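Structure record follows, encoded as C-alpha coordinates.
The values are calculated or read from the model by the stated rules, or taken from the named source; none is laboratory data. These figures come from a predicted structure and were not determined experimentally. Here the Cβ is made from the backbone with ideal geometry for all residues, glycine too, and neighbour counts use every protein chain on show. When the accessible area is computed, the model is the full protein with side chains, heavy atoms only, and any ligands, DNA or RNA have been set aside. Shrake-Rupley method; radii C 1.70, N 1.55, O 1.52, S 1.80 Å.
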Amino acid sequence: MQPEDMRHIAVIGAGTMGAGIAGEFARAGCQVMLADTSDTRLEQGRARLTAAQNSLVEADLLTDAEANAAVDRVRTTLSLEIACADADLVVESISEELQSKQELFSRLHGISPSHAVFASNTSGLSITRIAAACGRPEQVAGMHFWNPPHVIPLVEVARGQETREDTAALLLDLARRLGKRPILVRRDVPGFVGNRLQFAVFREALHILAEGIASAEDIDTAMTAGPGLRYGLLGPLRTADLGGLDVFAAISQYLFEDLSVAREPATVLKELVSAGRLGAKTGAGFYDYTAEERDRLVQRRDKLLLHILSVSSRS
(Lines give C-alpha, C1' and ligand atoms only; values in the text may rest on other atoms or scores of the structure.)
Protein backbone atom coordinates (compact mmCIF):
# COMPACT_ATOMS: atom_id res chain seq x y z
CA MET A 1 0.00 0.00 0.00
CA GLN A 2 1.15 3.52 -0.85
CA PRO A 3 0.37 6.70 1.15
CA GLU A 4 -1.96 7.92 -1.62
CA ASP A 5 -3.97 4.69 -1.25
CA MET A 6 -4.86 5.56 2.34
CA ARG A 7 -8.05 7.49 1.70
CA HIS A 8 -10.24 6.41 4.62
CA ILE A 9 -9.00 7.27 8.10
CA ALA A 10 -10.64 6.47 11.43
CA VAL A 11 -9.61 8.58 14.42
CA ILE A 12 -10.73 7.19 17.77
CA GLY A 13 -11.05 9.90 20.39
CA ALA A 14 -12.33 13.42 19.70
CA GLY A 15 -10.35 15.29 22.33
CA THR A 16 -7.80 18.01 21.67
CA MET A 17 -5.41 15.65 19.91
CA GLY A 18 -7.94 13.42 18.14
CA ALA A 19 -9.87 16.34 16.69
CA GLY A 20 -6.64 17.99 15.57
CA ILE A 21 -5.36 14.80 13.96
CA ALA A 22 -8.67 14.33 12.14
CA GLY A 23 -8.25 17.81 10.71
CA GLU A 24 -4.74 17.07 9.48
CA PHE A 25 -5.88 14.04 7.49
CA ALA A 26 -8.98 15.82 6.20
CA ARG A 27 -6.92 18.75 4.94
CA ALA A 28 -4.79 16.27 2.99
CA GLY A 29 -7.91 15.06 1.18
CA CYS A 30 -8.75 11.96 3.24
CA GLN A 31 -12.24 10.97 4.30
CA VAL A 32 -12.20 10.84 8.09
CA MET A 33 -14.45 9.15 10.62
CA LEU A 34 -14.05 10.69 14.07
CA ALA A 35 -15.40 8.47 16.85
CA ASP A 36 -16.01 9.01 20.54
CA THR A 37 -18.34 7.87 23.32
CA SER A 38 -20.78 10.79 23.54
CA ASP A 39 -22.45 13.36 21.31
CA THR A 40 -21.08 16.11 23.55
CA ARG A 41 -17.49 15.01 23.02
CA LEU A 42 -18.06 14.75 19.28
CA GLU A 43 -19.58 18.24 19.14
CA GLN A 44 -16.64 19.62 21.11
CA GLY A 45 -14.24 17.81 18.79
CA ARG A 46 -15.84 19.28 15.69
CA ALA A 47 -15.69 22.74 17.24
CA ARG A 48 -11.95 22.29 17.93
CA LEU A 49 -11.38 21.03 14.41
CA THR A 50 -13.19 23.99 12.88
CA ALA A 51 -11.33 26.48 15.07
CA ALA A 52 -8.00 24.96 14.04
CA GLN A 53 -8.80 25.30 10.33
CA ASN A 54 -9.94 28.89 10.86
CA SER A 55 -6.67 29.74 12.60
CA LEU A 56 -4.79 28.47 9.53
CA VAL A 57 -6.95 30.72 7.35
CA GLU A 58 -6.12 33.71 9.57
CA ALA A 59 -2.43 32.89 9.18
CA ASP A 60 -2.79 32.82 5.37
CA LEU A 61 -1.86 29.13 5.31
CA LEU A 62 -5.28 28.04 4.06
CA THR A 63 -8.16 29.52 2.08
CA ASP A 64 -11.72 29.61 3.37
CA ALA A 65 -12.71 27.07 0.72
CA GLU A 66 -9.92 24.69 1.75
CA ALA A 67 -10.84 25.02 5.42
CA ASN A 68 -14.51 24.35 4.76
CA ALA A 69 -13.66 21.38 2.56
CA ALA A 70 -11.47 19.88 5.30
CA VAL A 71 -14.25 20.21 7.89
CA ASP A 72 -16.75 18.65 5.47
CA ARG A 73 -14.52 15.59 5.00
CA VAL A 74 -14.88 14.68 8.69
CA ARG A 75 -17.88 12.65 9.80
CA THR A 76 -18.57 11.76 13.41
CA THR A 77 -19.95 8.60 14.96
CA LEU A 78 -20.57 6.93 18.29
CA SER A 79 -19.97 3.51 16.72
CA LEU A 80 -16.48 2.07 16.70
CA GLU A 81 -17.63 -0.51 14.13
CA ILE A 82 -18.90 2.15 11.73
CA ALA A 83 -15.74 4.22 12.15
CA CYS A 84 -13.45 1.31 11.31
CA ALA A 85 -15.52 -0.52 8.68
CA ASP A 86 -13.72 0.97 5.64
CA ALA A 87 -10.60 2.29 7.32
CA ASP A 88 -7.19 2.08 5.67
CA LEU A 89 -5.69 3.54 8.84
CA VAL A 90 -7.04 3.67 12.39
CA VAL A 91 -5.44 6.25 14.68
CA GLU A 92 -6.05 5.83 18.40
CA SER A 93 -6.11 9.03 20.44
CA ILE A 94 -7.82 8.11 23.71
CA SER A 95 -6.65 8.63 27.30
CA GLU A 96 -2.97 8.02 27.99
CA GLU A 97 -3.55 4.82 29.95
CA LEU A 98 -2.07 1.52 28.81
CA GLN A 99 -4.96 -0.77 29.75
CA SER A 100 -7.53 1.40 27.97
CA LYS A 101 -5.42 1.41 24.82
CA GLN A 102 -4.91 -2.35 24.98
CA GLU A 103 -8.65 -2.91 25.36
CA LEU A 104 -9.32 -0.73 22.33
CA PHE A 105 -6.68 -2.41 20.16
CA SER A 106 -8.04 -5.82 21.07
CA ARG A 107 -11.33 -4.74 19.43
CA LEU A 108 -9.85 -3.04 16.37
CA HIS A 109 -8.49 -6.22 14.79
CA GLY A 110 -11.92 -7.80 14.45
CA ILE A 111 -13.79 -4.79 13.08
CA SER A 112 -11.28 -3.35 10.58
CA PRO A 113 -10.32 -4.46 7.04
CA SER A 114 -7.44 -6.92 6.88
CA HIS A 115 -5.18 -4.39 5.17
CA ALA A 116 -5.78 -1.67 7.78
CA VAL A 117 -2.82 -0.23 9.66
CA PHE A 118 -3.21 0.78 13.31
CA ALA A 119 -1.42 3.71 14.92
CA SER A 120 -1.37 4.94 18.50
CA ASN A 121 -0.96 8.62 19.28
CA THR A 122 0.56 7.75 22.66
CA SER A 123 3.25 10.20 23.71
CA GLY A 124 5.51 7.46 24.99
CA LEU A 125 3.79 4.27 26.20
CA SER A 126 5.17 0.98 24.90
CA ILE A 127 4.06 0.29 21.35
CA THR A 128 5.04 -3.35 21.81
CA ARG A 129 2.64 -3.75 24.74
CA ILE A 130 -0.15 -1.89 22.97
CA ALA A 131 0.32 -3.95 19.80
CA ALA A 132 0.37 -7.21 21.74
CA ALA A 133 -3.36 -6.76 22.38
CA CYS A 134 -4.05 -6.61 18.64
CA GLY A 135 -4.32 -9.63 16.36
CA ARG A 136 -1.84 -8.12 13.90
CA PRO A 137 0.97 -6.45 15.87
CA GLU A 138 3.09 -6.24 12.70
CA GLN A 139 0.63 -3.62 11.42
CA VAL A 140 0.77 -1.49 14.57
CA ALA A 141 3.07 1.49 15.20
CA GLY A 142 3.16 4.71 17.13
CA MET A 143 2.19 7.87 15.28
CA HIS A 144 2.66 10.60 17.84
CA PHE A 145 1.45 14.02 16.76
CA TRP A 146 2.44 16.98 18.93
CA ASN A 147 0.05 19.52 20.43
CA PRO A 148 -1.41 21.51 18.76
CA PRO A 149 -1.48 19.07 15.80
CA HIS A 150 -2.41 21.70 13.20
CA VAL A 151 0.66 23.76 14.14
CA ILE A 152 3.52 21.50 15.25
CA PRO A 153 5.23 19.73 12.32
CA LEU A 154 6.77 16.87 14.31
CA VAL A 155 5.27 13.38 14.06
CA GLU A 156 7.10 10.51 15.77
CA VAL A 157 6.61 7.15 14.05
CA ALA A 158 7.63 4.57 16.64
CA ARG A 159 8.26 0.89 15.96
CA GLY A 160 7.27 -1.86 18.37
CA GLN A 161 9.14 -5.15 18.46
CA GLU A 162 6.74 -6.70 15.93
CA THR A 163 6.20 -3.66 13.68
CA ARG A 164 7.08 -4.43 10.06
CA GLU A 165 9.49 -2.11 8.31
CA ASP A 166 6.95 -1.39 5.58
CA THR A 167 4.34 -0.40 8.20
CA ALA A 168 6.67 2.22 9.66
CA ALA A 169 7.77 3.37 6.21
CA LEU A 170 4.15 3.79 5.13
CA LEU A 171 3.34 5.97 8.15
CA LEU A 172 6.45 8.09 7.60
CA ASP A 173 5.45 8.71 3.98
CA LEU A 174 1.88 9.41 5.01
CA ALA A 175 3.03 11.99 7.56
CA ARG A 176 5.04 13.69 4.81
CA ARG A 177 1.89 13.73 2.68
CA LEU A 178 0.28 15.70 5.53
CA GLY A 179 3.10 18.24 5.31
CA LYS A 180 4.66 17.07 8.58
CA ARG A 181 8.31 16.48 9.49
CA PRO A 182 8.26 12.88 10.73
CA ILE A 183 11.05 10.99 12.45
CA LEU A 184 11.51 7.25 12.94
CA VAL A 185 11.90 6.00 16.50
CA ARG A 186 13.79 2.79 15.80
CA ARG A 187 13.47 1.24 19.27
CA ASP A 188 10.49 1.00 21.60
CA VAL A 189 11.64 3.27 24.44
CA PRO A 190 9.57 5.28 26.96
CA GLY A 191 8.91 8.84 25.78
CA PHE A 192 10.20 8.21 22.24
CA VAL A 193 12.55 11.07 21.24
CA GLY A 194 10.70 14.36 21.68
CA ASN A 195 9.55 13.77 25.23
CA ARG A 196 12.91 12.40 26.30
CA LEU A 197 14.50 15.66 25.18
CA GLN A 198 11.68 17.75 26.64
CA PHE A 199 11.80 16.05 30.02
CA ALA A 200 15.58 16.16 30.21
CA VAL A 201 15.28 19.95 30.04
CA PHE A 202 12.30 19.90 32.46
CA ARG A 203 14.26 17.84 35.01
CA GLU A 204 17.16 20.28 34.95
CA ALA A 205 14.79 23.27 35.15
CA LEU A 206 13.21 21.77 38.29
CA HIS A 207 16.69 21.20 39.74
CA ILE A 208 17.74 24.80 39.07
CA LEU A 209 14.51 26.05 40.67
CA ALA A 210 14.80 23.78 43.74
CA GLU A 211 18.43 24.79 44.28
CA GLY A 212 17.48 28.48 44.29
CA ILE A 213 19.78 29.21 41.36
CA ALA A 214 17.13 31.19 39.44
CA SER A 215 13.42 32.00 39.54
CA ALA A 216 10.84 30.20 37.41
CA GLU A 217 10.50 33.26 35.20
CA ASP A 218 14.25 33.59 34.70
CA ILE A 219 14.61 29.89 33.93
CA ASP A 220 11.97 30.23 31.21
CA THR A 221 13.63 33.37 29.88
CA ALA A 222 16.99 31.59 29.73
CA MET A 223 15.43 28.99 27.43
CA THR A 224 13.22 31.19 25.25
CA ALA A 225 15.84 33.92 24.79
CA GLY A 226 18.78 31.53 24.54
CA PRO A 227 19.02 27.92 23.33
CA GLY A 228 15.31 27.75 22.52
CA LEU A 229 15.81 30.20 19.66
CA ARG A 230 18.60 28.11 18.16
CA TYR A 231 16.83 24.79 18.61
CA GLY A 232 13.97 25.90 16.39
CA LEU A 233 16.39 25.76 13.47
CA LEU A 234 19.38 23.68 14.46
CA GLY A 235 18.58 21.16 17.18
CA PRO A 236 21.06 20.20 19.93
CA LEU A 237 23.46 18.08 17.89
CA ARG A 238 23.88 20.50 14.98
CA THR A 239 24.22 23.30 17.54
CA ALA A 240 27.13 21.35 19.03
CA ASP A 241 28.65 20.86 15.57
CA LEU A 242 28.57 24.59 14.92
CA GLY A 243 29.88 25.41 18.39
CA GLY A 244 32.71 22.89 18.12
CA LEU A 245 32.59 19.38 19.53
CA ASP A 246 35.88 19.97 21.37
CA VAL A 247 34.25 22.88 23.20
CA PHE A 248 31.13 20.86 24.02
CA ALA A 249 33.29 17.94 25.19
CA ALA A 250 35.27 20.22 27.49
CA ILE A 251 32.13 21.74 28.99
CA SER A 252 30.56 18.30 29.38
CA GLN A 253 33.63 17.17 31.34
CA TYR A 254 32.94 19.55 34.23
CA LEU A 255 29.20 20.23 33.81
CA PHE A 256 27.66 16.75 33.49
CA GLU A 257 28.62 15.80 37.03
CA ASP A 258 26.69 18.79 38.38
CA LEU A 259 23.47 18.23 36.40
CA SER A 260 20.42 16.59 37.92
CA VAL A 261 20.33 12.80 37.87
CA ALA A 262 16.96 12.59 39.65
CA ARG A 263 15.17 9.27 39.15
CA GLU A 264 11.77 10.46 40.37
CA PRO A 265 9.69 13.67 40.16
CA ALA A 266 11.27 16.56 42.05
CA THR A 267 9.88 17.54 45.45
CA VAL A 268 8.91 20.98 44.17
CA LEU A 269 6.76 19.34 41.48
CA LYS A 270 5.15 16.88 43.90
CA GLU A 271 4.29 19.72 46.28
CA LEU A 272 2.61 21.74 43.55
CA VAL A 273 0.53 18.75 42.44
CA SER A 274 -0.43 17.88 46.04
CA ALA A 275 -1.58 21.47 46.55
CA GLY A 276 -3.82 21.27 43.49
CA ARG A 277 -1.63 23.70 41.55
CA LEU A 278 -1.77 21.72 38.29
CA GLY A 279 -0.94 24.55 35.93
CA ALA A 280 -3.00 26.80 33.71
CA LYS A 281 -6.02 24.46 33.80
CA THR A 282 -6.47 25.05 37.55
CA GLY A 283 -5.37 28.68 37.54
CA ALA A 284 -2.03 28.05 39.23
CA GLY A 285 1.17 26.09 38.78
CA PHE A 286 4.64 27.58 38.71
CA TYR A 287 2.75 30.78 37.82
CA ASP A 288 -0.75 32.07 38.60
CA TYR A 289 -3.28 32.40 35.77
CA THR A 290 -6.64 33.97 35.21
CA ALA A 291 -8.76 32.36 32.52
CA GLU A 292 -8.15 35.40 30.34
CA GLU A 293 -4.37 35.22 30.82
CA ARG A 294 -4.34 31.51 30.02
CA ASP A 295 -6.33 32.00 26.81
CA ARG A 296 -4.18 34.96 25.81
CA LEU A 297 -0.98 32.97 26.35
CA VAL A 298 -2.23 30.04 24.25
CA GLN A 299 -3.38 32.38 21.49
CA ARG A 300 -0.03 34.17 21.54
CA ARG A 301 1.82 30.85 21.39
CA ASP A 302 -0.23 29.55 18.48
CA LYS A 303 -0.07 32.86 16.60
CA LEU A 304 3.73 32.92 16.86
CA LEU A 305 4.06 29.28 15.78
CA LEU A 306 1.69 29.80 12.86
CA HIS A 307 3.70 32.85 11.81
CA ILE A 308 6.87 30.73 11.83
CA LEU A 309 5.09 28.08 9.74
CA SER A 310 3.86 30.72 7.33
CA VAL A 311 7.34 32.18 6.85
CA SER A 312 8.99 28.76 6.48
CA SER A 313 6.39 27.64 3.90
CA ARG A 314 7.28 30.58 1.68
CA SER A 315 11.06 30.31 1.96
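Brief remarks follow.
- Residue identified as closer than 23 Å to Arg27 by Cβ and surrounded by fewer than 21 Cβ atoms within 10 Å (Cβ to Cβ) among Gly212, Gly226, Gly179: Gly179
- Yes/no for Leu304 being under 27 Å from Pro149 (Cβ atoms), assigned to a loop (DSSP other than H, G, I, E, B), at pLDDT below 95 and of a type outside the set (Asp, Glu): no
- Region 109-150, residues that are open to solvent by less than 30 Å² (accessible area, probe 1.4 Å), in contact (Cβ under 8 Å) with a residue 40 or more places away in the chain and hydrophobic (A, V, I, L, M, F, W, C): Val117, Ala119, Ile127, Met143, Phe145
- Selection over region 20-49 of residues that are assigned to a strand (DSSP E or B), touching a helix residue (DSSP H, G or I) at 6+ places or on another chain (Cβ under 8 Å) and open to solvent by 10 Å² or more (accessible area, probe 1.4 Å) gives a count of 1.
- Being aliphatic (A, V, I, L, M) and either in a helix (DSSP H, G or I) or buried (at least 22 other Cβ atoms within 10 Å of the Cβ) (or both) is a property that Met17 has.
- For region 241-264, residues that are within 28 Å of the chain's Cα centre (by Cα) and surrounded by 13 or more Cβ atoms within 10 Å (Cβ to Cβ) total 3.
- The numbered conditions (1) farther than 25 Å from Pro113 by Cα; (2) part of a strand (DSSP E or B); (3) not polar (S, T, N, Q) are all true for Gly142 except (1).
- From the list Glu165, Glu217, the lone residue that is open to solvent by 40 Å² or more (accessible area, probe 1.4 Å), out of contact with any Leu (no Cβ under 9 Å at 6 or more places or on another chain) and more than 30 Å from Ala26 (Cβ to Cβ) is Glu217.
- Selection within region 57-91 - closer than 26 Å to Leu306 by Cα and touching a Gly at 6+ places or on another chain (Cβ under 9 Å): Ala69, Ala70, Val71, Arg73, Val74, Val91
- Region 62-91, subset open to solvent by 60 Å² or more (accessible area, probe 1.4 Å) and out of contact with any strand residue (DSSP E or B) (no Cβ under 8 Å at 6 or more places or on another chain), residue nearest to Ile130 (Cα to Cα): Glu81
- Scanning region 294-309 for residues that are among the acidic types (Asp, Glu) and either on the phi > 0 side of the Ramachandran plot or open to solvent by 80 Å² or more (accessible area, probe 1.4 Å) (or both) yields no hits at all.
- Scanning region 279-293 for residues that are under 24 Å from the mean Cα position of the chain (by Cα) and open to solvent by 80 Å² or more (accessible area, probe 1.4 Å) turns up Lys281, Phe286.
- Selected residue (only one of Arg196, Arg230 is basic (Lys, Arg) and at pLDDT below 95): Arg230
- Of all residues in region 193-209 being of a type in the set (A, V, I, L, M) and free of Cβ contacts under 8 Å to residues at least 24 places away in the same chain, the one that is most open to solvent (accessible area, probe 1.4 Å): Val201
- Residue that is touching a residue at least 60 places away in the same chain (Cβ under 8 Å), open to solvent by 20 Å² or more (accessible area, probe 1.4 Å) and among the polar types (S, T, N, Q), where the choices are Ser100, Ser55, Ser106: Ser55
- Conditions (1) open to solvent by less than 90 Å² (accessible area, probe 1.4 Å); (2) within 29 Å of Met6 (Cβ to Cβ); (3) not small (Gly, Ala, Ser): number failed by Pro190: (1)
- The strands (runs of 3 or more DSSP E) found wholly in region 69-123 and carrying at least 1 residues that are over 22 Å from the mean Cα position of the chain (by Cα) occupy 74-77.
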